[in-house]
Structures are given as structure tokens and as C-alpha cells.
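Notes to accompany the following structure.
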Amino acid sequence: MEKIRIAYFGTPEFAASQLEAIIGAGYEVAVVVTMPDKPAGRGRKIQYSDVKMTAMEHNLPLLQPEKLKDPDFLEQLASYQANLFIVVAFRMLPALVWQMPALGTFNLHASLLPQYRGAAPINFAIINGETETGLTTFFLNEEIDKGAVIMREKVSIRPDETAGELHDELMLLGNKVVVETIKKIESGQVSALAQDELTEGQALKPAPKISKEFCNIDWSQDCQTVYNHIRGLSPYPAAHTQLVSENGEAIDLKVFSSEIERCKHGLPIGSVVTDNKKHLKIALSDGYICLTNIQQSGKKSMPIDDFLRGTQLNGVWKTAFK
């Protein structure tokens, strides 16, 4: 049995959790690779990634290359003599990197591959109304998210679950899945399966990077579709809409949570209905979407009754369509 020596690639909180799990399981992490430090926030202060902070807490060697094909970086990476590379929530690795270790390079992806390949699998699983998703570990190859599958672990999606809640659930489950994948590789008992064998004749659904335009709520859709769109983008990057008065006044809102009220009504789609105290709802073809937690541009997120205490919507208001 070959002793595992790991080079770990990752950046956000999701990846930091897996790094902690690997260290906690007693595996040797020879080096950690994360994104270069960048200024963030209003003060533009330099902010470390979650993975960098975790690496520093454990006194692990750290590399932060600007370019992954840089000869100096490749030389440094090779000098740590890692025989297994692990990638979680990082950018695409060039072949020069992922082909380097003797035991291969595997990635943790937050979907049941081959479904939801791409940058936003958690968001799109909810946006599309799925009742099930999961995690997949797979060996990297030349194509993004298309390598041979090592493990898949399923989880149910609650009807009211948000992307943020599912993210946290999958992050914790990922701790177990990553460590189990390492154990399989360590034992030499990996039987990786080509993704073509897992399609089961189903049409594949993508999970591309979410654009700002995509976040705009399309109120011409039915209640369930709009509800799924809102929770699938909550809390980040958040669904967006604009309320417009008959006088041309406009209020930009991020919508973090909502409820469905199914009923018949005679109002034009996109009409705003409010008592200016407790509720604000938007008329759709099959009922209303009741906004429950929002954020007005330039302000903090708040329950809808707090918003209405500070903003009276007098006269006729409607939403701006996409």
C-alpha cells in the first residue's frame, strides 16, 4: 500500500471544510494551492481565502499562483512530491498539473454527475425543482466535469430548501465522501466508471455560471417556477426584481425568501398587492408570490413587514418584467 501524500487545490469555505476533514483523518497534506489574495469589500482590504486560512492554521506549505502553467509554479508543485491531487471548488487545472501525481487527480463536484456539470450545480438543482441531488468524486481528464466517477452520494432536497442550506448540507457530507474516496484510492480498490454509463438515457441538465441578468425574476412564469428561482439563488447571488409605481418611481429589491399563495384573481400579471403593513405579494398567472425577506438597494436584508414600515407603496405599483 502506497503512502498517500496530498496536494490540495481549493478556495472557498466549501473547500476549506474538506481540507479540515482530510487533515482530521490523519492524511499528509504536502502542499495547499489556492487563489492569489485579492482586495474585497468597501475598504478594499486584502482578504485571504478560507482555504488559505485553514492551511495557515495547520502550518501547511502554501502556493498561490497567478498562472497554473507558470514554470516556477510547476517546479515548486513537483518539489513537494505529492502522489495524489485533490481539487474542490477551484479553477480548471491544465493537463500539466492534473497528470503530475502517480495516483491521479480527483475532484469533488456538488451534483450527481453527469447531471449538472458546470459552475453552479447547487443553484440549478433547486431552480429546476429537483427533489434529489448529491456529490460526486471523479478523476480529472481533458473535459470539464466529465472524468470517470469514483463515488456518488445522494441527498434529498426539501421543497422549501434554499441554495445556501443545500450548500451547507453538501459541504458536511463532502467531508465523508472525500475521505472515503482517498481510502479507496489508497487501498487500490478503485473501480472508476465512465460517465457515459451513468446517463441512463436521460437528457443532461447543465449548471453554467450564473449571470446578473439570469437573477432577474421573470414574473410571467408560474408560481412554482418563480418560487424555485428565488430559493435557488438564495442567499447568493440572490434573485432580483424592480417595483415601479404609476409615477415612474422605481425600487430595486433582492428577494431572499417567498411563499406561494395559489388562487384565482383578475389582476394583471406583475401587479403588486400590499396592505403596507404585513404583506407584499406579486400577482402571477396561478396565484401570488408573497415576498417574505428582501433587501432594498443600499440597505440590509429584512423581513417584509420591516421594509413596509419604512416604505409606503401608495398608488398602483407593478414589477418590471425581464
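The values are calculated or read from the model by the stated rules, or taken from the named source; none is laboratory data. In this text, all values refer to a predicted model and were calculated from it rather than measured experimentally. All Cβ positions, glycine included, derive from the backbone under ideal geometry; neighbour counts span all protein chains shown. The protein model used for the area step is the full one, side chains on, heavy atoms only, and it has no ligands, DNA or RNA in it. Shrake-Rupley method; radii C 1.70, N 1.55, O 1.52, S 1.80 Å.
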- Query: How much of the DSSP beta bridge set in the chain is antiparallel, as a percent to the nearest 5?
  - Reply: 70
- Message: To test your reading of the geometry: what angle, between 0 and 90 degrees and rounded to tens, separates the Cα axis of helix 223-232 from the longest principal axis of the chain?
- Response: 40
- Note on the structure: Rounded to the nearest 10 Å², the accessible area of SER234 using a 1.4 Å probe with every protein chain kept is 10
- Note on the structure: Summing +1 per Lys or Arg and -1 per Asp or Glu among the other residues with Cβ less than 12 Å from GLU20's Cβ gives -3
- Item | Karplus (6.51, -1.76, 1.60) ³J(HN,Hα), θ = phi - 60°, over segment 76-82, in Hz, Gly and Pro reported as x | 4, 4, 5, 5, 7, 6, 6
- Query: Got the relative contact order for segment 173-322 handy, in percent, Cα pairs under 8 Å and 6 or more residues apart?
  - Reply: 22
- Item | 5 angstrom amide H check on SER258, placed H, neighbours 5+ away | THR292
- With every protein chain in place, the chain: carbon and sulfur % of accessible area (1.4 Å): 49
- aspartates and glutamates near LYS212 by alpha-carbon distance under 18 Å, same-chain residues fewer than 8 away left out - which ones? ASP252
- Task: Considering the options ALA192, ALA55, LEU112, tell which one lies farthest towards the positive end of the dipole of the chain, charges being +1 on Lys and Arg and -1 on Asp and Glu at the Cβ, about the Cα centre.
- Result: ALA55
- If you place +1 on the Cβ of every Lys and Arg and -1 on the Cβ of every Asp and Glu, how big does the dipole about the Cα centre of the chain come out, in debye to the nearest 20? 700
- Task: Could you provide, to the nearest whole Å², the per residue accessible area of the chain with probe 1.4 Å?
- Result: 50
- Which one of HIS229, HIS240, HIS265 has the biggest mean-square fluctuation once the chain is modelled by GNM with Cα springs under 10 Å? HIS265
- Sorted from largest down, what three extents in whole angstroms do the Cα atoms of segment 219-322 have along their principal axes? 32, 31, 25
- Note down the accessible area of VAL226, probe 1.4 Å, to the nearest 10 Å². 0
- Sorted by chain and then number, the residues having a modelled amide H within less than 5 Å of the amide H of ARG5, at least 5 places away or on another chain, are ASN83, LEU84
- Note on the structure: Per residue, the convex hull enclosing the Cα atoms of segment 1-122 spans a volume in Å³ of 129
- Message: Through the Karplus equation 6.51 cos²θ - 1.76 cosθ + 1.60, θ set to phi - 60°, convert the phi angles of segment 10-24 into ³J(HN,Hα) values in whole Hz; use x for Gly and Pro.
- Response: x, 9, x, 3, 3, 6, 5, 4, 5, 4, 4, 5, 5, 5, x
- Query: Once the Cβ-Cβ distance between LYS277 and ASP37 is put in as r, and R0 is 41 Å, what FRET efficiency do you end up with, to the nearest 0.05?
  - Reply: 0.30
- For ASN141, which sequence-distant residues (separation of 5 or more, or a different chain) have an amide H within less than 5 Å of its own amide H, given hydrogens modelled in the peptide plane? LYS146, GLY147
- Task: Kindly provide the helix-only [θ] at 222 nm of the chain, computed as the sum of -39,500 (n - 2.57) over DSSP H runs of four or more divided by all residues, to the nearest 500 deg cm²/dmol?
- Result: -7500 deg cm²/dmol
- Item | Extension gain, GLU2 back to ASP222 (0.36 nm per residue minus Cα-Cα distance, nm) | 73.6 nm
- Item | Cross-link table LYS52/LYS146; LYS52/LYS154; LYS209/LYS281; LYS281/LYS318; LYS3/LYS146, entries beyond 22 Å C-alpha to C-alpha | LYS52/LYS146; LYS52/LYS154; LYS209/LYS281; LYS3/LYS146
- Note on the structure: Heads up, segment 233-279 by the C-alpha gyration tensor (a ≥ b ≥ c square roots of eigenvalues; a/c under 1.5 rounded, else a/b over b/c prolate, else oblate) looks oblate
- Query: Using θ = phi - 60° and the Karplus curve 6.51 cos²θ - 1.76 cosθ + 1.60, what whole-Hz ³J(HN,Hα) does each residue of segment 104-121 get, with Gly and Pro shown as x?
  - Reply: x, 10, 10, 10, 9, 10, 8, 7, 8, 4, x, 6, 6, 6, x, 7, 10, x
- Task: May I have the pair-distance distribution P(r) for segment 56-107, computed from all Cα-Cα distances with 10 Å bins from 0 and rounded to whole percent?
- Result: 21, 60, 19, 0
- Item | Dipole axis of the chain (+1 Lys, Arg; -1 Asp, Glu on Cβ), positive-most option in TYR80, TYR8, THR241 | THR241
